[in-house]
Amino acid sequence: MPSPSNALPIVVLLSGQGSNLQAIIDAAAQQALPIEIKAVISNRADAYGLVRAEQAGIATAVLDHKRFANRQQYDHTLRELIDDYQPGLVVLAGFMRILSDQFVEHYLGRMINIHPSLLPKHKGLHTHQRAIEAGDKEHGASVHFVTPALDSGPIILQESTEILGNDTAESLAERVHAIEHRIYPEAIRRFACGEIHFSANPEKA
Ligand code: GRF
């Protein structure tokens, strides 16, 4: 399907399943998003997200971090690869890499991430289990601009779900994933339509 002429070029980075990528592809196909996904890049050759991209006719690339001596070299090559596509937005969709400060600064204000918690709660990994163990009443997902401090950039969009008495990390993850699939395309739409901009002020985008 042709993209609208004013489509925002985006590049998606991922390492795994790519269900968020799929939600973005589907929203774009329904013309709900004025974007063109130029490429999907993974650090893992076995990421199923690459298959989803290929099925949608999107260019893919694999840049295996194990082939690089250090994070700086990897990030430098990744940046060159991304910039070949001249994206207006870089979308992290389950990209399981810590990014160097220089890399983040290069894309400041035009790189976003989705995180499975109600930030600033539960930064990092194993968020569903941690929310249950903390006795939280609610949990959810957040889309935020990426800044050098992990999972700490200005929040663009959040949605919550109640934590039920019989929830396990798995049952909670399932509901949070469904939230992610709604709010990530919506956050991208808002960015692409110029409704939100990065502000160096913490808390709100
Ligand atoms: C999601 O839970 C997202 O919040 C986190 O990584 C996971 C990616 O899932 N950053 P998928 O690969 O999009 O299914």
Using r as the Cβ-Cβ distance of Ala32 and Asn70, and R0 as 41 Å, what FRET efficiency do you calculate, to the nearest 0.05? 0.50
Placing unit charges on C-beta atoms (Lys and Arg positive, Asp and Glu negative, everything else neutral), compute the dipole magnitude of the range 23-175 about its Cα centre in debye, rounded to 20. 300
Keeping to pairs on different chains or 8 or more places apart, tell me how many lysine pairs in the chain have Cα atoms under 30 Å apart. 9
So for the chain, taking the charge dipole from beta-carbon charges (+1 Lys/Arg, -1 Asp/Glu), which of Ile58, Ile114, Ala69 sits furthest toward the positive end? Ala69
Values of log10 I(q)/I(0), in the order q = 0.08, 0.19 Å⁻¹, for the chain under a Debye, Cα-only, solvent-free model: -0.26, -1.46
The range 56-172 - Rg (one decimal) and Dmax (whole number), Cα, Å: 16.4, 49
Just the number, please: percent antiparallel of the DSSP beta bridges in the range 1-151, rounded to the nearest 5. 20
Gap in Å between the Cα centre of the range 5-44 and the Cα centre of the range 80-131? 14
Could you check which residue among His177, His106, His144 shows the biggest mean-square fluctuation in a GNM of the chain with a 10 Å Cα cutoff? His106
J(HN,Hα) series, the range 66-72, from Karplus relation 6.51 cos²θ - 1.76 cosθ + 1.60, nearest Hz, glycine and proline x: 5, 8, 10, 6, 7, 4, 4
Relative contact order, percent, the range 16-136 [alpha-carbon distance under 8 Å, six or more residues apart]: 20
Hey, got the dipole for the range 1-81? About the Cα centre, +1 on K and R Cβ, -1 on D and E Cβ, debye to the nearest 20? 220
Using the alpha-carbon atoms, what tilt in degrees (0 to 90, nearest 10) does helix 169-192 show relative to the longest principal axis of the chain? 50
Based on the mean of other Cβ atoms within 10 Å per residue, sort peptides 123-129, 185-191 so the most packed one is first. 185-191, 123-129
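Every read-out reported here was derived from the displayed coordinates using simple, explicitly stated rules and does not represent laboratory data. Since the structure is predicted, the reported quantities are computational estimates derived from the model, not experimental observations. Cβ atoms come from the backbone with ideal geometry, glycine included; neighbour counts cover every protein chain shown.
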